[in-house]
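Presented below is the structure to which this report refers.
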Amino acid sequence: MLRKRIIFTLIYENGFFNQSRNFRLQKVGGIDWLEKNYKFKEISIALDELVVLNVARGEKNMFEFSKTLEKIVEDVFIPISAGGGIRSIEDAELLFNSGADKIVINTILVEDNDLVTRLVKKFGSQSIVASVDYRCDEVFINNGTVKVDKNLEDHLENVELLGVGEIYLNSIDKDGTGFGYDLKTVAKVIEKIKAPLIIAGGAGNEAHLAQGLNIDCINAVATANLFNFIGDSLVKSRERLLNDRYSLAFWDIEAASELKNSLINKKL
Amino acid sequence: MNVVIIDYGMGNLRSIIGALKYLGVEKISVSNNTKKLREADKLILPGVGSFSMAMRNIKTLKLDQYLKYEVLEKKKPVLGICLGMQLMGKSSTEDELSFGLGFINSKVEMFPDMSIKVPHVGFNQVRVNKESILFDGIEDLSDFYFVHSYQMTSENDINQSLCEYGDNFIASYEVDNITGVQFHPELSQTNGLKLIKNFLDKF
């Protein structure tokens, strides 16, 4: 049976990870802070997937972001999606070469459909995640700063036609609030969506994650809430949901230490 | 142990290298240099992206001839991952009909069930073949991370383990020294690390 996923999203801007609330950013700490407070390498052994988004406003420093990405993904054996500011095939390549398994695109879904088509062709649908930021029925690009002419349903329809592999649907109004997902809007558009769907924006506790997981057509629930899921609390939530028989993947976390260096000095 | 990850310009190799390092493999290289490939104890054929583009790259680098020699003649153990697993089969209808390396009698096609979401992405359970060596010590119905839009089937017995998404398709095969997995063991936590260890240890 295909399992559902719990995704941890990191919001990055010029050297800092952020708590975002309705797309307003609050600096929390740099990569050392992240490692110290979240013991990233340790908790990643208990997570399904990681998304890293560069949300710097204006011109983004792709190179600096790619260096940060390299540090984050070291020793982390879970799928990593990364994006923010991808405007060319080279930008995408830089992120793939820095450790991304998938790339996340948003603004070009409106501004450069030709590039999206080329990305899909070159890297395959399954490597492309379309991030869609919305408020009620309206869609926004450029980190939520520019409103798009199309409404949400029409935009999603176009995104599907472009052949992306997954949709990351993010509610601006719920973002960072901890009030729970915007399941009302999800229910309205779910019929339209044929690609695997990740919902984001609003999860503040385990019950919220469960509410998302309970909906058939939702494939994954994401949270970027550093405050509500401090330290290993997302891992603990996942563990409890797994014990409550939610359809999440299972692996033996304890086995990691036995496997480490188990082939060292192995002669053939 | 000397493991070479075959480089033909497709896909992110970070996690594969990371997993090999984690397991303690001393010598890991990413290469398409035939001398390096010849010196390898084990080969890993990775890959993400389009089948036809991958085969074009492989042929341009003349890796097809080399791989045939090392894998079929010299019986060097090889593990194909995701697209790499598909490439060792006969053909694929992705984009257009194209032919693979042909080590395994299989075909790659779209998921036949139109009601399911494509790509197939996420952890899914593998129905483990009891004869499998790759899955030695790994429980039946263990979870592995898949991300793919095309699936492999075969009319031959290639010691396959299966995964169900719509219909059953091949999650892994192992024929003598030739092994392949549709999922990404390097992104499948300890289940995947165990499988990579089995490949390195037992083939």
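Quick one: in the stretch B:15-40, of everything that is assigned to a loop (DSSP other than H, G, I, E, B) and surrounded by fewer than 17 Cβ atoms within 10 Å (Cβ to Cβ), which residue is nearest to the other protein chains (Cβ to nearest Cβ)?
Filtering the stretch B:15-40 for residues assigned to a loop (DSSP other than H, G, I, E, B) gives B:24-26, B:32-33, B:40.
If we keep only those that are surrounded by fewer than 17 Cβ atoms within 10 Å (Cβ to Cβ) too, we end up with B:26, B:33.
Values: B:26: 7, B:33: 19 Å.
Only one residue fits best here, namely B:26.
Condition check ((1) within 26 Å of residue B:139 (Cα to Cα); (2) buried (at least 17 other Cβ atoms within 10 Å of the Cβ)) across all residues:
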position: A:163; (1), (2): no, yes
position: A:222; (1), (2): no, yes
position: A:238; (1), (2): yes, yes
position: A:241; (1), (2): yes, yes
position: A:266; (1), (2): yes, no
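For the stretch B:102-136, enumerate the residues that are within 10 Å of chain A (Cβ to nearest Cβ) and more than 15 Å from residue A:194 (Cα to Cα).
Matches in the stretch B:102-136: B:122, B:123, B:124, B:125.
Just the residues that are under 14 Å from residue A:146 (Cβ atoms) and either assigned to a helix (DSSP H, G or I) or among the aliphatic types (A, V, I, L, M) (or both), please, taken from the stretch A:89-113.
Within the stretch A:89-113, A:108, A:109, A:110, A:111 qualify.
How about the stretch A:51-88: which of its residues are part of a helix (DSSP H, G or I) and either under 16 Å from the mean Cα position of the chain (by Cα) or within 19 Å of residue A:33 (Cα to Cα) (or both)?
First, the residues of the stretch A:51-88 that are part of a helix (DSSP H, G or I): A:62-73.
A:64, A:65, A:66, A:67, A:68, A:69, A:70, A:71, A:72, A:73 - these are the residues of the stretch A:51-88 that are part of a helix (DSSP H, G or I) and either under 16 Å from the mean Cα position of the chain (by Cα) or within 19 Å of residue A:33 (Cα to Cα) (or both).
Check off (1) free of Cβ contacts under 8 Å to residues at least 40 places away in the same chain; (2) surrounded by fewer than 15 Cβ atoms within 10 Å (Cβ to Cβ); (3) on the phi > 0 side of the Ramachandran plot for residue A:90 and give me the number that stays unchecked.
Unmet for residue A:90, out of (1) free of Cβ contacts under 8 Å to residues at least 40 places away in the same chain; (2) surrounded by fewer than 15 Cβ atoms within 10 Å (Cβ to Cβ); (3) on the phi > 0 side of the Ramachandran plot: (3).
How many residues are away from chain A (no Cβ under 11 Å), β-branched (Val, Ile, Thr) and under 22 Å from residue B:123 (Cα atoms) if we restrict to the stretch B:165-197?
Within the stretch B:165-197, residues that are away from chain A (no Cβ under 11 Å), β-branched (Val, Ile, Thr) and under 22 Å from residue B:123 (Cα atoms) number 3.
Of the residues that make up the stretch A:225-248, is at least one polar (S, T, N, Q) and within 30 Å of residue A:155 (Cα to Cα)? Let's see the steps before the verdict.
Initial filter on the stretch A:225-248 (polar (S, T, N, Q)): A:225, A:228, A:233, A:237, A:243, A:247.
Of the ones still in play, those that are also within 30 Å of residue A:155 (Cα to Cα) are A:225.
Within the stretch A:225-248, one or more residues are polar (S, T, N, Q) and within 30 Å of residue A:155 (Cα to Cα).
For residues in the stretch B:1-14 being crowded, with 18+ Cβ neighbours inside 10 Å and not aliphatic (A, V, I, L, M), which is farthest from residue A:78 (Cα to Cα)? Spell out how you get there, then give the answer.
Restricting attention to the stretch B:1-14, the residues satisfying the condition of being crowded, with 18+ Cβ neighbours inside 10 Å are B:1, B:3-8, B:10-14.
Right, trim to not aliphatic (A, V, I, L, M) and you get B:7-8, B:11-12, B:14.
Working: B:7: 21, B:8: 23, B:11: 15, B:12: 13, B:14: 11 Å.
Selected residue: B:8.
Residue by residue through the stretch B:47-62, note down the ones that are at pLDDT 95 or above, under 24 Å from residue B:196 (Cβ atoms) and either touching a strand residue (DSSP E or B) at 6+ places or on another chain (Cβ under 8 Å) or not hydrophobic (A, V, I, L, M, F, W, C) (or both).
Residues satisfying the conditions do not exist here.
Listed residues A:203, A:256; which is touching a residue at least 40 places away in the same chain (Cβ under 8 Å), surrounded by 14 or more Cβ atoms within 10 Å (Cβ to Cβ) and of a type in the set (Gly, Ala, Ser)? Spell out the reasoning first.
Values: A:203 fails: touching a residue at least 40 places away in the same chain (Cβ under 8 Å).
The unique qualifying residue is A:256.
Might you check whether a residue that is of a type in the set (A, V, I, L, M), modelled with pLDDT under 95 and surrounded by fewer than 22 Cβ atoms within 10 Å (Cβ to Cβ) occurs anywhere in the stretch B:65-76? If you could, list the steps in order and put the result at the bottom.
Here is the first cut: in the stretch B:65-76, the residues of a type in the set (A, V, I, L, M) are B:67, B:71-72.
Applying the additional criterion that residues be modelled with pLDDT under 95 yields none.
No, there is no match, as no residue in the stretch B:65-76 is of a type in the set (A, V, I, L, M), modelled with pLDDT under 95 and surrounded by fewer than 22 Cβ atoms within 10 Å (Cβ to Cβ).
Which of the residues that make up the stretch A:239-268 are within 12 Å of another protein chain (Cβ to nearest Cβ) and either within 17 Å of residue A:50 (Cβ to Cβ) or part of a helix (DSSP H, G or I) (or both)?
Going residue by residue through the stretch A:239-268, those that are within 12 Å of another protein chain (Cβ to nearest Cβ) are A:242, A:247-268.
Across the stretch A:239-268, the qualifying residues are A:242, A:248, A:249, A:251, A:253, A:255, A:256, A:257, A:258, A:259.
Looking only at the stretch A:163-206, count every residue that is more than 14 Å from every other protein chain (Cβ to nearest Cβ) and in a loop (DSSP other than H, G, I, E, B) and tell me the total.
16
Does residue A:119 satisfy being more than 14 Å from chain B (Cβ to nearest Cβ) and either under 20 Å from residue A:9 (Cα atoms) or not in a loop (DSSP other than H, G, I, E, B) (or both)? Before you say what the answer is, go through the steps one by one.
Details: more than 14 Å from chain B (Cβ to nearest Cβ): no; either under 20 Å from residue A:9 (Cα atoms) or not in a loop (DSSP other than H, G, I, E, B) (or both): yes.
Criteria not met by residue A:119.
Only one of (1) more than 11 Å from chain B (Cβ to nearest Cβ); (2) crowded, with 21+ Cβ neighbours inside 10 Å; (3) among the aromatic types (Phe, Trp, Tyr) fails for residue A:63. Which number is that?
Here residue A:63 clears every test but (2).
Hey, among B:162, B:141, B:200, which residue is within 17 Å of residue B:46 (Cα to Cα) and either more than 14 Å from chain A (Cβ to nearest Cβ) or in contact (Cβ under 8 Å) with a residue 12 or more places away in the chain (or both)? Before the answer, list the steps.
On the way: B:162 fails: within 17 Å of residue B:46 (Cα to Cα); B:141 fails: within 17 Å of residue B:46 (Cα to Cα).
Result: B:200 is the single residue among B:162, B:141, B:200 that is within 17 Å of residue B:46 (Cα to Cα) and either more than 14 Å from chain A (Cβ to nearest Cβ) or in contact (Cβ under 8 Å) with a residue 12 or more places away in the chain (or both).
Outside any helix (DSSP H, G or I), within 28 Å of residue B:191 (Cα to Cα) and in contact with a strand residue (DSSP E or B) (Cβ under 7 Å, 6 or more places away or on another chain): is that true of residue A:25 in this structure?
On the way: outside any helix (DSSP H, G or I): yes; within 28 Å of residue B:191 (Cα to Cα): no; in contact with a strand residue (DSSP E or B) (Cβ under 7 Å, 6 or more places away or on another chain): yes.
Considered against the rule, which asks whether it is outside any helix (DSSP H, G or I), within 28 Å of residue B:191 (Cα to Cα) and in contact with a strand residue (DSSP E or B) (Cβ under 7 Å, 6 or more places away or on another chain), residue A:25 comes out as no.
Taking the stretch B:144-159, which residues are aliphatic (A, V, I, L, M) and within 14 Å of chain A (Cβ to nearest Cβ)? Quick ask: steps written out before the conclusion?
Step one: list which residues in the stretch B:144-159 are aliphatic (A, V, I, L, M), which gives B:147, B:152, B:158.
Within the stretch B:144-159, just B:147 meets the criteria.
How many residues are more than 27 Å from residue A:209 (Cα to Cα) and among the aromatic types (Phe, Trp, Tyr) when one looks only at the stretch A:33-83?
Residues that pass the stated criteria total 2.
Quick check: anything in the stretch A:9-22 under 21 Å from residue A:256 (Cβ atoms), crowded, with 19+ Cβ neighbours inside 10 Å and among the aromatic types (Phe, Trp, Tyr)? Lay out the reasoning, then the answer.
Pass one, the stretch A:9-22, residues under 21 Å from residue A:256 (Cβ atoms): none.
No.
Filter the stretch B:41-53 for residues that are more than 10 Å from chain A (Cβ to nearest Cβ) and aliphatic (A, V, I, L, M); which is farthest from residue B:150 (Cα to Cα)?
Only one residue tops the list, namely B:43.
The values are calculated or read from the model by the stated rules, or taken from the named source; none is laboratory data. In this text the structure is predicted, and so the values were computed from the model without any measurement. Using ideal geometry, Cβ is built from the backbone for each residue, glycine included, and neighbour counts are taken over all protein chains shown.
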